[in-house]
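Comments concern the structure below.
Read-outs throughout are calculated quantities, based only on the coordinates presented, and are distinct from any laboratory measurement. What you see is a predicted model, and the numbers here were worked out from it, not measured in a lab. For neighbour counting, all protein chains shown are included, and Cβ atoms are generated from backbone atoms with ideal geometry for every residue, glycine included.
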Amino acid sequence: MDLLHALFSDYTLRTVALGAALLGIVGGSLGSYAVLRGQSLIGDAVAHAALPGIAGAFLLTGQMDPLVLMLGAAATGLCAALFVDGTARSTRVPYDSALALMLASFFGLGLVLLTYLQRHAGASQAGLDAFLFGQAAALVMYDVYVMAALGGTALIVMLLFWKELKLLSFDAAFARSVGLPVRVLNGLLTTLLVVAIVIGLQTVGVVLMSAVLIAPAAAARQWTDRLGIMVALAAGIGAATGVTGALISASVRNVPTGPTIVLCMGAVVIASLLLAPQRGVLWRSWQRRFSQAETPSHPPDQNARTPNVATDPTDL
Amino acid sequence: MAADAEPALDIRGLTVAYHDEPVLWDIDLTVPRSTILGIVGPNGAGKTTLLKAVLDLVPIASGRVRVLGDAYAANQNRVGYVPQRGSVDWDFPTNALDVVLMGLYGELGWFRRPGAAEKEKARNALDQVGMLDYADRQISQLSGGQQQRVFLARALVQEADLYLMDEPLQGVDATTERTIIDLLRRLRNQGRTLLVVHHDLSTVREYFDQVLLLNVRAVASGSVETAFTDANVRETYAGGMPA
């Protein structure tokens, strides 16, 4: 009860919880597309590649304004995503290798810049190293406003292009054959993902940020077979785990916020993988046992209750 | 009506390469209207690539493709595409009706969502392939043949004049195969033209008006009687007959 009361009265806690809820909503919704397209790791590459952008933006402007840093983060993050795409398309380097290559290169550059800044420009006072693992406690309401404005815009754009992004994710070749500009839509979706990532970096940090995109979406997928519900559910799970993580780290001494949020998300994923009806591991094993027990008493053709169901062993 | 006299598809000297290796080499092909043309050839012969080259989905190294008497871009909305069933993730969270509606996304335009009229069209298409009862079924819960029919329904709502179908009979049972072939003939009799990638040589004579024997080069093309000869089939599958 004290904690809930503090959520509304304590400025720091309220700010952190709001920020965490926002990044959970935006990351969860847009992450759904990354997960469905089998491109979960692009978020990881973009998040790591944001570090040189943050350091570079500070180096160039000397400012700590979140908008300036996010702009830098978005610039290098987008660059990395484009490089991954370009490398995979125009060379024989496979997609996953291109991804690993860009992630390591950009992150390495980020660490070099960060070290340089710490020696020369007092970036440690500026708190730039907090972007590695996030420092939610440092959030102020202005940060939250910036997050809300950017994230809200990204969500509105996602809703406006809902059917196009859905078709792009399901069947890109067909999307082109009906005249959709697939290249442009790809770029749009990547840009939206970049926005979702940069608004969470201050809270969760570049190292763990990809979990915010992947975990709520992966958990939500377990519970529904409709894209709209999945995106809404992922947003809800993202918000709930964000706030829960913020509350836990506020009530236990020396527990960092970002990693706690990620752990909460992980817990929801595990619970969903085990328990969800139809898709959950426990549900399926229970169903198998049930149908095995039933088998001897029925002729085989009547045993299958849904005769046309395709059984896919790789389907989890 | 002058434009209608033009062939449905006219390909001259088409060459497509991946990483400097030719996948299609100097293809010439003319397909008249109201025709079902079967495309057969071994794995890696470039059958899918040929369809994608017509659809402008892969870059063309050289050559020219004319669709319904004009460039593809000018007639894009008159061309329907049925991709290989295995080319998408059927675990995508959506149902059969929704997939069929995707066939209308192009003509709907930006920001408009499918409404009652579109849903009626989609239901009608599902009915034509015998899948109306499965409209609300999650697509991963459909059998291979049912998924194939959903893809066909999605192409039907496009009401195209030229259809490009990549292995629409792959992995379907005998009854479904009948249904699909009947449907293809109905479309042909309405004046539409269909290019169908096919893998079962034993049914080529029965199913198709024309055939293209493809193995990177066009070994032979034309009416089934003249082009689908033992010698041409042997040449196409040189290095091993298909199972």
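Summary value for chain A: 28 percent relative contact order, contacts being C-alpha pairs under 8 angstrom separated by 6+ residues.
Just tell me, in residue order, which DSSP H segments of chain A are both 15 angstrom or longer along the helix axis (alpha-carbon based) and at least 1.6 in mean Kyte-Doolittle hydropathy. Length and hydropathy pass: A:141-160, A:182-198, A:227-251, A:257-275. In plain terms, the residue of B:Glu107, B:Glu225 with the fewest other Cβ atoms within 10 Å comes first and the most crowded comes last, giving B:Glu225, B:Glu107. When the Gaussian network model of chain A links Cα atoms closer than 10 Å, the mean-square fluctuations of A:Val204, A:Val146, A:Val269 top out at A:Val146. Under a 5 Å amide H cut-off, with hydrogens placed 1.01 Å from N, B:Thr30 pairs with B:Ile11 among residues at least 5 apart or on other chains.
Can you give me the angle between helix B:174-189 and the longest principal axis of chain B, using Cα atoms only, in degrees from 0 to 90, rounded to the nearest 10? Approximately 80 degrees, to the nearest 10.
Among B:Ser223, A:Ser9, the order by Cβ neighbours within 10 angstrom, fewest to most, reads A:Ser9, B:Ser223.
Computed per residue of the protein assembly as shown from DSSP H runs no shorter than four, each worth -39500 (n - 2.57), the mean residue ellipticity at 222 nm is -18000 deg cm²/dmol. Relative contact order for the stretch B:3-236: 28 percent, from Cα pairs under 8 Å spaced at least 6 residues apart, divided by residue count.
Please report the antiparallel percentage of DSSP beta bridges with both residues in the stretch B:3-236, rounded to the nearest 5. Can you show the working numbers first?
Numbers: 20 of 37 bridges.
Taking every DSSP beta bridge with both residues in the stretch B:3-236, the antiparallel ones total about 55 percent.
Cα-based values for the stretch B:3-236, radius of gyration first and Dmax second, are 17.5, 54 Å. With no solvent and one equal point scatterer per Cα, compute the Debye intensity ratio I(q)/I(0) for the protein assembly as shown at 0.05, 0.06, 0.10 Å⁻¹ and report its log10, rounded to two decimals. Debye output, listed in q order: -0.27, -0.38, -0.92. Sorted largest first, the principal axis extents computed over the alpha-carbon atoms of the stretch B:142-243 equal 39, 30, 23 Å. Here's how it looks for B:Val219: its modeled amide H is under 5 Å from those of B:Leu213, B:Leu214, which are all 5 or more places away or on a different chain. Evaluated over the protein assembly as shown, the count of Lys pairs having alpha-carbon atoms less than 20 Å apart is 4 (only pairs 8 or more residues apart or interchain).
Taking the number of Cβ atoms within 10 Å of each Cβ as an exposure proxy, the fewest-first ranking of B:Ser202, A:Ser90 is B:Ser202, A:Ser90. For the stretch A:72-114, the Kirkwood hydrodynamic radius comes to 10.6 Å, computed from all pairs of different C-alpha atoms.
Counting Cβ atoms of other protein chains within 10 Å of each residue's Cβ and taking the mean over peptide B:87-96 gives 6. In order along the stretch B:119-130, phi translates into HN-Hα couplings of 5, 5, 4, 5, 4, 4, 5, 4, 4, 4, 9, x Hz, rounded to whole numbers, per the Karplus curve 6.51 cos²θ - 1.76 cosθ + 1.60 with θ = phi - 60° and x for Gly and Pro. When the square roots of the Cα gyration tensor eigenvalues are ordered a ≥ b ≥ c, the ratio a/c for the stretch A:62-197 is 1.5 or more and a/b does not exceed b/c, which makes its shape oblate. Compactness of the stretch B:87-186 is given as radius of gyration and Dmax, 13.0, 41 Å, from Cα positions.
Largest first and in whole Å, the equivalent-ellipsoid semi-axes of chain A read 37, 26, 17, each the square root of five times a Cα gyration tensor eigenvalue. Comparing Cα centroids, the stretch A:231-291 and the stretch B:110-167 end up 36 angstrom apart.
Across the residues of A:159-168, average count of Cβ atoms on other protein chains within 10 Å? Present the calculation step by step, with values, prior to reporting the outcome.
Working: counts 1, 2, 2, 2, 11, 5, 0, 7, 6, 1.
Across the residues of A:159-168, the mean count of other-chain Cβ atoms within 10 Å is 4.
Along its principal axes, the stretch A:1-136 has C-alpha extents of 58, 43, 19 angstrom, given from the largest down.
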